[in-house]
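Below you'll find the structure, written out as structure tokens, and then a few comments.
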């Protein structure tokens, strides 16, 4: 017959009933977050938000796991990409799919930490071992509950929540930076490929001029000096063609290395819309999150210098014992006053750093926009010059045919035209690169809901 399990009541045994009762009593006498003790339950305002279990994105989940709903994470989640369907979208998707996920892992760790800190209002339970003067060991279970801590627990939750915000901004910055790098590699490859096509056309045209000179040499109408000049110019164009092909190959190799699949089959340039003036740059959001984290850390440090009240109870051989403890976690010294004043200034420092970063971000965006405007003006000017040069080349060609222009003037004019075509072709890609950098600064190269 099965023997019933007897309860342990001998020496050293622990009674679970009194221990559970003690934990329930102490959890009712707890700090509501602002230094006020709430009896037996937390008010809805003081209790941290609970974590929802429904599936959602990383940023939304991180926001719900923090102590309060995060405005920064909401802003990140609501951002929409300005990239429409086209080659840019294919590049962005391939780069996003190949992301190693280090920033996502950091955000997940910060979210779990914030979730743990959101329960810091509950009692702490742990073993306690004491060695008496007689050499005997007394083991017990200790339960401790903070009743009044000058807002330390609340600041601890705020610190963890701000840490989640910073990790979320870092995630958005990391993904936008990766997509920016991928798009710049793609744009660089497209520019090199177009310039290579222009170089091929120019080399073919110079080959025609060289054929004409060779015929003139055979007929005794010219010496080899003109042919040598044309050969030299052709060699320079051939070197430019080789450099363009190498640049295109290198850019595509770097792009494919950071993409989930090869992207050699896509082509075309896709200009982004003009900067709308929003949303806030990611660097500003990061400065705000770091400022909130620093303020919470200062509040924790300040609360540690002030006296608090704790209730503690233990169960051991001597039965159930309990009491109150009044004291501070930090000892006072001659420099304590100055240290507290320094901690009080944390809020002002955070505001100043955020304002400074906002100015820096605005300066970067203005500089990029000015560069785009200057490039557009230059593009229009080079277009007009290019049309004039083409007209002059056409006139020179007609004059050469009737013997009014020497061949070398025609060669020099075409060389000028070839250089202007390369310069004009490059400008639209320079504009595209700066547009991508502006979008990355604002964090709108990827939908926030996809992070």
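Key figures
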| quantity | calculated |
| --- | --- |
| Residue list for segment 402-418, filter: surrounded by 15 or more Cβ atoms within 10 Å (Cβ to Cβ) and in a helix (DSSP H, G or I) | 407, 408, 410, 411, 413, 414, 415, 417, 418 |
| Breaking point among (1) at pLDDT 95 or above; (2) within 30 Å of residue 400 (Cα to Cα); (3) surrounded by 13 or more Cβ atoms within 10 Å (Cβ to Cβ), for residue 239 | (3) |
| Any hit, segment 205-223, residues being assigned to a helix (DSSP H, G or I), under 26 Å from residue 446 (Cα atoms) and touching a helix residue (DSSP H, G or I) at 6+ places or on another chain (Cβ under 9 Å) | no |
| The listed residue being assigned to a loop (DSSP other than H, G, I, E, B) and either within 47 Å of the chain's Cα centre (by Cα) or touching a residue at least 12 places away in the same chain (Cβ under 8 Å) (or both), out of 261, 185 | 261 |
| Any hit, segment 270-286, residues being over 30 Å from residue 434 (Cβ atoms), assigned to a helix (DSSP H, G or I), in contact with a helix residue (DSSP H, G or I) (Cβ under 7 Å, 6 or more places away or on another chain) and at pLDDT 90 or above | no |
| Matching option when the condition is over 28 Å from the mean Cα position of the chain (by Cα), farther than 30 Å from residue 428 by Cβ and part of a helix (DSSP H, G or I), among 332, 343 | 343 |
| Test result for residue 414, modelled with pLDDT under 90 and over 37 Å from the mean Cα position of the chain (by Cα) | no |
| Lone qualifier among 208, 144 - being modelled with pLDDT of 90 or more and either under 37 Å from the mean Cα position of the chain (by Cα) or at negative phi (or both) | 208 |
| Out of 399, 435, sole residue that is in a helix (DSSP H, G or I) and either on the phi > 0 side of the Ramachandran plot or surrounded by 15 or more Cβ atoms within 10 Å (Cβ to Cβ) (or both) | 435 |
| Meets criteria (out of contact with any helix residue (DSSP H, G or I) (no Cβ under 7 Å at 6 or more places or on another chain) and at pLDDT below 95) for residue 401 | yes |
| All positions within segment 94-118 that are touching a residue at least 40 places away in the same chain (Cβ under 8 Å) and out of contact with any helix residue (DSSP H, G or I) (no Cβ under 9 Å at 6 or more places or on another chain) | 97 |
| Matching option when the condition is surrounded by 12 or more Cβ atoms within 10 Å (Cβ to Cβ), within 30 Å of residue 433 (Cβ to Cβ) and touching a residue at least 12 places away in the same chain (Cβ under 8 Å), among 383, 310 | 383 |
| Breaking point among (1) touching a residue at least 60 places away in the same chain (Cβ under 8 Å); (2) buried (at least 17 other Cβ atoms within 10 Å of the Cβ); (3) out of contact with any strand residue (DSSP E or B) (no Cβ under 9 Å at 6 or more places or on another chain), for residue 301 | (1) |
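The values are calculated or read from the model by the stated rules, or taken from the named source; none is laboratory data. Fair warning: this is a prediction, and the values are worked out from it, not measured in the lab. So basically every Cβ, Gly included, is an ideal-geometry build from the backbone, and we count neighbours across all protein chains shown.
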